[in-house]
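Working notes, beginning with the structure itself.
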Amino acid sequence: MAETPLDATGPAAPPRQNGELVFGAPWESRLFGLTMALLQAGVFDWEEFRTQLIAAIGEWERQADHGAWRYYERWQVALERLLAAKRLCSPGELAARTAVLAARPAGHDHR
């Protein structure tokens with residue numbers, strides 16, 4: 001499979017420092033990795049995801065009180081919407097799984 005053409009500039013371009021991708025928290029890199037794995041498995045193509053990502057960023061920009069900018073929160077919105085549109089994971093399924101994971105004790109995966 002061809003390499004994913006991540007945008008270097010523009011609204012869909014991920015944060016970079018010295019040309020390398022930058023993740024502010026472990027969940028961001030995990031979300032990125034999950035997206036890339038689904039992409040490489042052929043679950044969706046890059047342009048489908050990119051379209052969702054640009055839309056999610058645009059929605060954030062149009063909100064009057066949108067809070068602090070967090071690129072990977074927009075990435076998550078885009079991925080969740082794409083998975084729901086493809087009927088791979090419903091919003092209800094995501095909410096249920098999120099609740100289970102949120103209920104785990106702090107540091108559960110670091111022992």
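The values are calculated or read from the model by the stated rules, or taken from the named source; none is laboratory data. Please read all numbers here as calculations on a predicted model, not as lab measurements. FYI the Cβ positions are ideal-geometry reconstructions off the backbone, even for glycines, and counts take in every protein chain you see. These accessible areas exclude ligands, DNA and RNA; they are computed on the full protein's heavy atoms, side chains included. Shrake-Rupley method; radii C 1.70, N 1.55, O 1.52, S 1.80 Å.
Details
- A crude spin-label estimate for the pair Ala25 and Arg62, with each label 7 Å from Cα along the Cβ direction, gives 2.7 nm.
- Placing +1 on each Lys and Arg Cβ and -1 on each Asp and Glu Cβ, with no other charges, gives the chain a dipole about its Cα centre of roughly 360 debye.
- Percentage, to the nearest whole number, of Cα pairs in segment 15-59 over 18 Å apart: 42 percent
- In whole angstrom, the chain maps to an equivalent ellipsoid with semi-axes of 22, 18, 17, each derived as √(5λ) from the alpha carbon gyration tensor and ordered largest first.
- Full extension of the segment from Asp7 to Arg104, taken as 0.36 nm per residue of separation minus the current Cα-Cα distance, would add 31.4 nm.
- Only helices reaching 20 angstrom along their own axis (Cα) with mean Kyte-Doolittle hydropathy no lower than -0.5 count here, and for the DSSP H runs of the chain these are 26-40, 71-85.
- Of Ala99, Ala12, Ala56, the one that fluctuates the most in a GNM where the chain has Cα springs shorter than 10 Å: Ala99
- Value of relative contact order over the chain, rounded to a whole percent, pairs C-alpha under 8 Å and six or more apart: 20 percent
- Helical contribution to [θ] at 222 nm, DSSP H n ≥ 4, -39,500 (n - 2.57), averaged over the chain, rounded to 500: -17500 deg cm²/dmol
- To put it simply, the accessible area of segment 60-107 at a 1.4 Å probe is 53 percent carbon and sulfur.
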